[in-house]
Amino acid sequence: MKNVKWQRQKYMPCLPLGNRQTRITECEEHIQLSRRAAAEGAVLLKNEGELLPLDKGVGVAIFGKAQIDYVKGGGGSGNTNVSYVRNIYQGICAKGDKLRVFEPLSFYYREYVKAQYAAGAENGIFDEAEVPADLLEKARAFTDTAIITLCRYSSEGKDRKGDKTDPYFYLSGAERQMVEAVTDRFSKVVILLNVGAMIDTSWFAYNPKISAALMLWQGGMEGGLAAADLLTGDVTPSGKLVDTCAVSLEDYPSTSGFYESDDYVKYTEDIFVGYRYFETVPGKKERVVYPFGYGLSYTTFSIENPAVFRTDGRITVAFSVTNTGKRAGREVVQLYYSAPRGLITKPARELCGFAKTGLLEPGQRQELSVSFAISDMASYDEYGAVAKSCYVLEKGTYRFYLGTDVRTCEKLPYTYELSEHTVTERLRSLCAPEKLDRVLLEDGSYSTPECGPVARKTFPCTYRMAEAPGEPHSLLDVYNKSVSLDSFVAQLTDDELCHLAGGQPGCGVSNTSGMGQLPGYDIPLFMTADGPAGLRTFSGSRLSTTAFPVATALACTWDTELMEKIGRAGAMEVKENNVAIWLTPALNIHRSPLCGRNFEYFSEDPFLTGKMAAAKIRGIQSQHIAATPKHLAVNNKETNRKFSDSIVSERALREIYLRAFEICVKEANPKAIMTSYNLINGVPASENAELIYGILRGEWGYRGMITTDWDNNKSHVKEVKAGNDVKMSHGEPEKLKEALSNGELSREELAVCVKRILELFLWIE
Ligand code: BGC
């Protein structure tokens, strides 16, 4: 039978998407995909004496409550409801006789966690248990191999303090005691970190009593089994860091001002976020424990025969990768460029390409290539060193580095020479700050740019109402091409336009609201659902879905194909449950380890973030489910998130905080985008015409729909005027009507938003 347009939205049928009418939601195939991603996203940080993988049949004593209290992902809208979570202890046990577990110790932790839960403690948020002395000795008599597990939990709406009263970045006193007790007695110690964001790594990196460490992140529902896959060598680690591990929290330039005020954040480090800071500013390299891009393997690789070609404004680097070790494995090869130091301050290196091999057997070789546009190396010239408000390639020598992290890379015997400064794009100043105390420069000094009051640009509405059709038409008539969308919009009353510009109460399995719902015109309710780690359902619906690893873990795979598969699998679950718009991926930048929502975001690097997010969007939209990259933009702190003002230079805004969105728009054409709660240089993102009409629609040519974040306490009238099409979770129809009648808002300004909303509906299958 032929599908009826919007069948799922209209009738909410139970239509399974699998073969022979089987459901694919939380199916075995998706769970295995999740497990694979969790293993591929884990990063092997240390492996002295090749302790890992553990020898077959070896006895292990597993320490730490995290072996039971495993955290599959973070909280809030990025959460998922699952039918089970396999913890690390269970994962190791599932490996049968590959590893022999010292059971009394794990039993002790199981009882401890049970008691904590019974007393009301929540998953991931209670302190470590004390290890009884007799158990410690018995464990030592059983084996000399100890596995220490540690976990962290964080959630939307709350940041981390990062001091000893809120152990997140640092270990708690009880954790430190456990580590000491174990390292004093066991000769072989492995650390497993089940965390959502960067934490202190110096305590194990510099401790000779600790041989191995695996950053597991929060690996979704099969994270425990994925950990066991890595411990036993069933999977060779291939994940690479997407954030820089610094010696201390204070080493991140964002830390000192993070809690300066609830009302604003000053982005004084400017473009020097993450490795752009540590690799550039004098004296900061030494403050890095593990650099960006870093990750070990159980095998070794050589990168050979790099060849560089330049055609059509692009540079392509081809090379081969050979597995020179004794185990099968995958390697990630990264390409960085270094632009000439000149008039505009610059990072020492910037990522411009990467590629991951397939699973290479020992001795096997693969040819790979990466390619990027020369114009991607241009810097935004905010103050007119060469040409104000333009992207500029400065004259001089551009160098390239190919390797396996930002430091371990070889300079290629190829340079790109430019004898004249070249403007690659002429723009105009938009979203500029009115006041910037100071911005960091490449030599570690600060400059105080000249700023002042900014007259924000306006974008007169160019939309013209069409002739209304003679007789009423439904939206299906537009779909069937018997009337144009413009005519359809023209026939809608003001009330109907106002209705469509706001969210509507939801139904079905999701707990976020929907939009549409105008049955007289055959417009069904199009439901939305969260979130990055899988389809998030309303817990009362008792529907469990596949929990994939958190976005940071997925980014550490550096595997865009895998990412696309996860996007597709997640979107199929969304579709099977009659939801149309998926509020993912989340692509804010990891500016500070303190941001409580980092687990939902990919990386400190905008290029990698953009590429991974674009891959996910392609996967999602292959199912005719709308992806919704969020939160546009500069939403890097949760405290007072609805009212905090992100004070940032235009250059950092464009090169760091908007870049990933730009990549998504240009490469993956997301059907929806969500603006953020915060203000950007004094103007709320959702009311920001310069951001939406100026940059997003004007410069990047974005044609899709824009939604607000949920219940953002901003003015619906101003949002419509700025081109933020739909207000969620509900609109302010009365205020819109009043603005229409007093002339503050024109019918055209509202109609063009509604038109974009309807265009999205028409695309949904
Ligand atoms: C979050 C969004 C989410 C929305 C709907 C907001 O609080 O910031 O990421 O999509 O809620 O749940």
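The values are calculated or read from the model by the stated rules, or taken from the named source; none is laboratory data. Quick caveat: nothing in here was measured; it's all calculated off a predicted structure. Positions of Cβ are backbone-derived with ideal geometry, glycine not excepted, and every protein chain shown enters the neighbour counts.
A few remarks follow.
- Residue pairs meeting the criteria (Cβ under 9 Å; at least 6 apart or on separate chains; first within 15 Å of Asp725 (Cα to Cα) and at pLDDT below 95, in the range 675-699; second within 16 Å of the ligand (Cβ to nearest atom) and of a type in the set (D, E, K, R)): none
- Lone unmet requirement of (1) crowded, with 21+ Cβ neighbours inside 10 Å; (2) within 16 Å of the ligand (Cβ to nearest atom) for Tyr657: (2)
- Note on the range 499-519: among residues that are more than 15 Å from Thr708 (Cα to Cα) and part of a helix (DSSP H, G or I), the one that is nearest to the ligand (Cβ to nearest atom) is His499.
- Screening the range 180-292 for helices (runs of 4 or more DSSP H) wholly inside it with 3 or more residues that are surrounded by 17 or more Cβ atoms within 10 Å (Cβ to Cβ) and not hydroxyl-bearing (Ser, Thr, Tyr) returns the ranges 223-232.
- Entry remark, the range 356-392: residues being in contact with a helix residue (DSSP H, G or I) (Cβ under 6 Å, 6 or more places away or on another chain) and within 19 Å of Gly313 (Cβ to Cβ) number 1 in total.
- Filtered by the rule that a residue be within 18 Å of Ser513 (Cα to Cα) and away from the ligand (no atom under 16 Å from the Cβ), the range 689-724 gives a lone residue, His716.
- In the set Leu492, Leu535, Leu543, only one residue is part of a loop (DSSP other than H, G, I, E, B), over 30 Å from His30 (Cβ atoms) and at pLDDT 95 or above; that residue is Leu492.
- Residue in the range 536-543 that is within 13 Å of the ligand (Cβ to nearest atom), within 29 Å of Lys755 (Cβ to Cβ) and among the hydrophobic types (A, V, I, L, M, F, W, C) present: no
- Summed over the range 612-655, residues that are assigned to a helix (DSSP H, G or I) and out of contact with any Ser or Thr (no Cβ under 6 Å at 6 or more places or on another chain) total 15.
- From the list Thr299, Thr311, the lone residue that is modelled with pLDDT of 95 or more and within 29 Å of Leu231 (Cα to Cα) is Thr299.
- Listed here are the helices (runs of 4 or more DSSP H) enclosed by the range 1-106 that have at least 1 residues being acidic (Asp, Glu): 28-41.
- Scan the range 311-328 for residues that are exposed (fewer than 15 other Cβ atoms within 10 Å of the Cβ), touching a helix residue (DSSP H, G or I) at 6+ places or on another chain (Cβ under 8 Å) and assigned to a strand (DSSP E or B) and the total you get is 1.
- Filter pass, Pro524 being in contact (Cβ under 8 Å) with a residue 12 or more places away in the chain, away from the ligand (no atom under 15 Å from the Cβ), in a loop (DSSP other than H, G, I, E, B) and more than 21 Å from Asp709 (Cβ to Cβ): no
- Flag if Leu745 is more than 16 Å from the ligand (Cβ to nearest atom), more than 30 Å from Leu440 (Cα to Cα), assigned by TED's automatic domain parsing to the domain that holds Ser484 and buried (at least 24 other Cβ atoms within 10 Å of the Cβ): no
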